[in-house]
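Take a look at the structure below.
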Amino acid sequence: MLSPLTHDDPAAVATYRLLARLGAGGMGTVYLARTPGGRTVALKTVHARLAADPAFRGRFRLETDAARIIGARHGAAVVDADPLAETPWLATEYVLGPPLDDAVALGGPLPEPTVRALGAALAGALAQLHSSEVVHRDLKPSNVLVTAHGPKIIDFGIARAAGDDHLTRTGTAAGTPAFMSPEQAGGHEHGPAGDVFALAGVLVFAAAGHGPFGTGSPADLLYRVRYAEPDLTGVPEALLPLLTACLAKDPAARPTTAVLVEHLHDGHGEFADHLPPLVLADIGRRATDVWLHAPHRLPAPEGAVAAQTAPAAPLSRRRLFSAGGAVLLGAAGAGGGLWAWRGARRDAAPSGGATAGPTAVPAPTAADGAPAPLWQGKAFDREQRITPLVADGVVGFAETAEFRALGMRDGAELWSESAVTEPRQITTDGTVFHLSSGEFEGPGVLHIRTRVARTGAETARAIDLKGFEGSYKGTELLTASDGVLFAASRRGDWDVSGDRDDTGWHLIAVDVREGRELWRRPYAWDGVRPWLSRVVGDRLVLGKNSGDLDSFLVQARDVRTGRQLWQRRLPLKESSSYVPGQLVTDERHVYLGGDRLRALRLTDGAVAWEYGSGSAPTCYGVPAVADGLVHAQERRETPGLVSVGAGDGRRHRTEAPSGRSLSPYLFATPVVGEKYVYTPVRGGLHAVALDGYRSDWVFRTEASRFVTDKERTRLFGAGATSVVSLPLA
């Protein structure tokens, strides 16, 4: 996705004119740029203060060398580079094709012939890399670009020479947890066989739409990679023996890249012949976007001076974890590679100190009617596992390693909390924020603090519940209502080995006014978190994907006693993609998407109605309910919005064809206003008019999780790298 240049981005680097931002992280920024002769390139720059670190310069030189080794056939061809410049930079060809994760999101899992062609080409690319004694160490779907001529591997930020321990500390795990090798997850040597393991994970994702070890916190993923069997559900039967062998825990038992090339594809036909039509169309669209893109620079905040030279952003010093042995494990697990996990914005302000807010954008309304944002700013949210939290005029963003509270009106940062290193450590009742933490040594204890929404000031009473493992790994705050905080917490103390992670789990209720536990109820952990939750009257409604990843568990409990009132298990294979904040209820029903739209009665959990045939490939996204209607994205041949009656499930309307090529986020909740239903789609927020149920406009943003203020006048969106506010119509 192309983003505008910021006020302090340079106009040019060396002889390259900058056109737009392609991405940014704590290590540097990647731009879309053009040579004087008109060639379009991707240009990566390094933050100037990092350039003073000799070890980092060594990594950057190796990244440049690795990109040259893999060459133009299997990677982005190196056009130019200056690793010795005061601000090092690297220019490569701009690859016209979506990342593999976007390609799968566009039309679902890829057909077996596509997966075979993809795998053979990637195995050949790794073979070329390994022949020069270089290993990639961070192969994942987002680092594979799908072009009409074949896949290309990018981002060699943590690649290194095989056997070289100088650029990585022994005992640490650098990379992306969901696609690491077991040896890499354990902080040991990751050789060519480790890249084969990662390649198998990428092919499982391409064939089945999910990784081999699910989703969750970095600690959970690292444990599963090392000790759990892979989930190969949805992988074509003919591919199972080969991919199972590649995913062996023992590196010596895995096949070589040569064996993979031989067994995956016969080499017949052009690569484009094996691509689905939707992917080919997206490749063409990206080519058009590059040449039609009009360069745009965001205005400077008041008092700022526009940059005229190369960027020199300071190194973020945000703490990734708050204590003990979690530091090394968490730092490596929080993102993907050295370019990703060091942070993506300025140093956080001291707690409680107001700072200049995100950029206010007084731009005119877009040509298609999309509104101008009220404000927008940067974020660092690699995991994207929680919706924004709204409380008393404040919108809070639980980002990677930090929670930030922003003023709704102007987006100014009011306070931040670096002790919140996981989204599950914070929740709100709409007036205050509740935070949890625990000890990494000694007996288990769950610390609960409450902070005033506007100031961040702590209330006088902090609560300690002894015997519970209160760390980011052992406790998840669910929701709060009427002075009662609901949480899931494990009895015991911190267990660095993970051997006891599946024992002693309880649902608990805490009276935060009186500082005492009201009740606790044990439950079977079954290897999967988090819970989705909502309080409706005297019921605590809970939902979570089951350990088999094929079903979704919904239950209701009495808020006063915790007694289970009913429980129902529904078929929902993709339920692990749900995130907290997406359990949709009204006073009568809880509503769920999946193979069908369903309404369960809150009184007894019985199915009140179902909509849809339940047959592939049609499925439904997370719904929204308002004014007696349930709205949800319907994935079919032409995706679009559908609305049904909340009381009876009868179809009300289907979105009229718009001619736009949109790929909806099925696991992002729509927002219903007075005039529009707002649905997150790839690259934007789509507005469907309630009057006529037609597409009116798309606001371009990478934010995908939206909420509204209490008065329903503003939208607040969060993405991996940005936050934004829009007027709600």
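The values are calculated or read from the model by the stated rules, or taken from the named source; none is laboratory data. It should be emphasised that the depicted structure is a prediction, and the values quoted were computed from it without experimental measurement. Cβ: placed from backbone, ideal geometry, glycine included. Neighbour counts: every protein chain shown. Ligands, DNA and RNA are stripped out before the accessible areas are found, and what is left, the full protein with its side chains, is counted by its heavy atoms. Shrake-Rupley method; radii C 1.70, N 1.55, O 1.52, S 1.80 Å.
What the table below lists for this structure:
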| read-out | value |
| --- | --- |
| Qualifying residue in the range 462-474 (condition: within 30 Å of R712 (Cβ to Cβ), of a type in the set (A, V, I, L, M), assigned to a strand (DSSP E or B) and open to solvent by less than 30 Å² (accessible area, probe 1.4 Å)) | no |
| Hits in the range 426-439 (condition: outside any strand (DSSP E or B) and either at pLDDT 90 or above or surrounded by fewer than 17 Cβ atoms within 10 Å (Cβ to Cβ) (or both)) | D429, G430, T431 |
| Number of the exception - R650 against (1) touching a Ser or Thr at 6+ places or on another chain (Cβ under 8 Å); (2) within 19 Å of V584 (Cβ to Cβ); (3) modelled with pLDDT of 90 or more; (4) of a type in the set (D, E, K, R) | (1) |
| Qualifying residue in the range 652-661 (condition: assigned to a strand (DSSP E or B) and open to solvent by less than 20 Å² (accessible area, probe 1.4 Å)) | no |
| Qualifying residue in the range 117-137 (condition: at pLDDT below 85, surrounded by 22 or more Cβ atoms within 10 Å (Cβ to Cβ) and part of a loop (DSSP other than H, G, I, E, B)) | yes |
| Test: residue in the range 247-265 that is buried (at least 16 other Cβ atoms within 10 Å of the Cβ), modelled with pLDDT of 80 or more and touching a strand residue (DSSP E or B) at 6+ places or on another chain (Cβ under 9 Å) | no |
| Any hit, the range 271-290, residues being more than 21 Å from P98 (Cβ to Cβ) and at pLDDT below 90 | no |
| Single condition D381 does not satisfy, out of (1) outside any strand (DSSP E or B); (2) open to solvent by 20 Å² or more (accessible area, probe 1.4 Å); (3) in contact with a strand residue (DSSP E or B) (Cβ under 8 Å, 6 or more places away or on another chain) | (2) |
| Flag for A720 being part of a loop (DSSP other than H, G, I, E, B), open to solvent by 10 Å² or more (accessible area, probe 1.4 Å) and at negative phi | yes |
| Check on L685, in a strand (DSSP E or B), surrounded by 19 or more Cβ atoms within 10 Å (Cβ to Cβ) and touching a Pro at 6+ places or on another chain (Cβ under 7 Å) | no |
| Test: residue in the range 697-710 that is under 26 Å from Y611 (Cα atoms) and surrounded by fewer than 21 Cβ atoms within 10 Å (Cβ to Cβ) | yes |
| Pair list, Cβ under 6 Å, 6 or more apart: the range 653-670 residue closer than 18 Å to G107 by Cβ, other residue open to solvent by 60 Å² or more (accessible area, probe 1.4 Å) | S663/R682 |
| Strands (runs of 3 or more DSSP E) completely within the range 1-115 that count 2 or more residues being modelled with pLDDT of 80 or more, farther than 30 Å from R635 by Cβ and open to solvent by 50 Å² or more (accessible area, probe 1.4 Å) | 78-82 |
| Filter result for V528 (surrounded by fewer than 21 Cβ atoms within 10 Å (Cβ to Cβ), farther than 25 Å from L406 by Cβ and modelled with pLDDT under 95) | yes |
| Checklist (1) open to solvent by 10 Å² or more (accessible area, probe 1.4 Å); (2) part of a loop (DSSP other than H, G, I, E, B); (3) free of Cβ contacts under 8 Å to residues at least 60 places away in the same chain applied to H447, failing item | (2) |
| Matching entry among L222, L280 (being of a type outside the set (S, T, Y), open to solvent by less than 10 Å² (accessible area, probe 1.4 Å) and either in contact with a helix residue (DSSP H, G or I) (Cβ under 9 Å, 6 or more places away or on another chain) or not in a helix (DSSP H, G or I) (or both)) | L222 |
| Selection from the range 533-558 of residues that are under 22 Å from H210 (Cβ atoms) and at pLDDT 90 or above | G543, V554 |
| Test result for S497, outside any loop (DSSP other than H, G, I, E, B), within 27 Å of the chain's Cα centre (by Cα) and at pLDDT below 95 | no |
| Output for the range 583-628, where each listed residue is at pLDDT below 90 and among the acidic types (D, E) | D595 |
| Single match in A457, A419, A453 (criterion: of a type in the set (G, A, S), touching a residue at least 24 places away in the same chain (Cβ under 8 Å) and open to solvent by less than 20 Å² (accessible area, probe 1.4 Å)) | A453 |
| Complete set of residues in the range 229-241 that are crowded, with 19+ Cβ neighbours inside 10 Å and without any contact (Cβ under 8 Å) to a residue 60 or more places away in the chain | P230, L232, V235 |
| Strands (runs of 3 or more DSSP E) contained in the range 576-650 and holding at least 1 residues buried (at least 19 other Cβ atoms within 10 Å of the Cβ) and among the aromatic types (F, W, Y) | 589-592, 607-611 |
